[in-house]
1. Leaving ligands, DNA and RNA out of it, rank VAL308, VAL133 by accessible area with a 1.4 Å probe, largest first.
2. Within the stretch 177-313, how many Lys pairs that are eight or more residues apart, or on different chains, come under 14 Å at the alpha-carbon?
3. Mind grabbing the accessible area of TYR330 for me, 1.4 Å probe, Å², rounded to tens?
4. Could you report the accessible area of LEU118 in Å², rounded to 10, computed with a 1.4 Å probe on the protein chains as they sit in the structure?
5. Using a 1.4 Å probe on the protein heavy atoms only, what accessible surface does ASP127 show? Give it in Å² to the nearest 10.
6. Ranked from the most accessible area to the least, with a 1.4 Å probe and all protein chains present, what is the order of LEU116, LEU39?
7. Mind giving me the nanometre distance, one decimal, between the label points for THR251 and VAL328, set 7 Å out from Cα along Cα→Cβ?
8. Could you tell me the calculated FRET efficiency between PHE233 and LYS290, based on Cβ-Cβ distance and R0 = 22 angstrom, to the nearest 0.05?
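The values are calculated or read from the model by the stated rules, or taken from the named source; none is laboratory data. Because the structure is a prediction, the values reported are computed rather than measured. Virtual Cβ from ideal backbone geometry, glycine too; neighbours counted across all protein chains shown. The protein model used for the area step is the full one, side chains on, heavy atoms only, and it has no ligands, DNA or RNA in it. Shrake-Rupley method; radii C 1.70, N 1.55, O 1.52, S 1.80 Å.
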Amino acid sequence: MMTTANHVTAQPPQAEYWMGLSPSRIGKLIWKNRVRVLLITALFTGIGIVVSLLTQPEYVSEARIMPEISQGSGDVLQKLASVAGFAGLEFGETGGIEAVRPDLYPNVLQSTPFILSLLDQSVPTRDGKQITVSALLSAADSWRWFSFKKPSDPLPPSTNPNTLRLTQEQQDLAEDIQQRVSAKMDTRSGIITVSAQMPDPTAVAAVTQIALDYLTRYVTNYRTEKVRRDLLFYTNRLKEAKRRFEVAQYTMFHYNDQHKYMVVQAATMEKQRIEAELTISQVVYTELAKQFEQARIKVQEQTPVFKVLEPAKIPLKRSSPRRTMLVVLYTLVGFVVGSVLCLVIGFDVPARLRRSLSE
């Protein structure tokens, strides 16, 4: 009876911990095998140092711009309407809407045409050399220990000029750049931040500036494309109307010189026809000249203004890897692995686990 009672009273302490592993016994076992734990921790610390030194450093550069948010197009035309009235110009409706909203600007830098143009751009490096972005990223990939990329065969050209056909290497680089180059907009202030991440501090500033220039140029061309086409149309028509007016004017003067003293009915009819042609060509030329001047003003009015608040700068410090944190993380992992290994060996955890499962 006494043995049974003792056996019953000994069960609760065993049931308090999984397989009898109490904190005190765990601490004693780890301290007993502290040399082994320290060796494993030192091994992982060394691995962390090697990994931190071999990891490709990355640098980040940012630039900020404040785009023009149009409250309604035609402001310039409305201001110049009174002045243009003296020249005989007439302005119709000048109201309009914003062609490209600023919140859509970040999508421009994620487009495939921008990425393909960026791959061929030559940027400077910190050692004074010039290298393309594609070559820079390809050289950064050589730092990786494992690479599963297969050489891609050249693809035949696409039969449709409006479609793109990329090689596997181009596709991989495009996906990489989409992660490296980005833009975001602050909805409150309207400020757009363009950022880039590259393995070279000088190159990343150049890439940021290229992205910023591409964005502003794209938006400017988009907003002024229609009015620039109108300007080109009026320019060509104005040249034709000017030549027609000059020919009609020359014909009129030449006819008057030849028929200065002739008064016949046929000559009078021919003179009326020439005068009518001169009048029509003059009216057409005058109207096209007005439209041409209006188109020139509209191009200036539709051209957006971008204020650079923060230009792209060459970063002085790398953004990654954080070597101290990486070494500390590997050290903690090594300590945990060493401690668990000592517990497994010291307590014979596999046998205890099999015994607990059988019970």
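1. VAL308, VAL133
2. Values: LYS226/LYS298; LYS239/LYS290; LYS242/LYS290; LYS260/LYS271; LYS290/LYS298.
Lysine pairs satisfying the spacing and distance rule in the stretch 177-313 number 5.
3. 60 Å²
4. 0 Å²
5. Roll a 1.4 Å probe over it and ASP127 shows about 100 Å².
6. Working: LEU116 40, LEU39 115 Å².
Sorted descending by solvent-accessible area, the residues read LEU39, LEU116.
7. Those two pseudo-labels are separated by 9.0 nm.
8. Values: r = 14 Å, r/R0 = 0.64.
Efficiency, from the Cβ-Cβ distance: 0.95.
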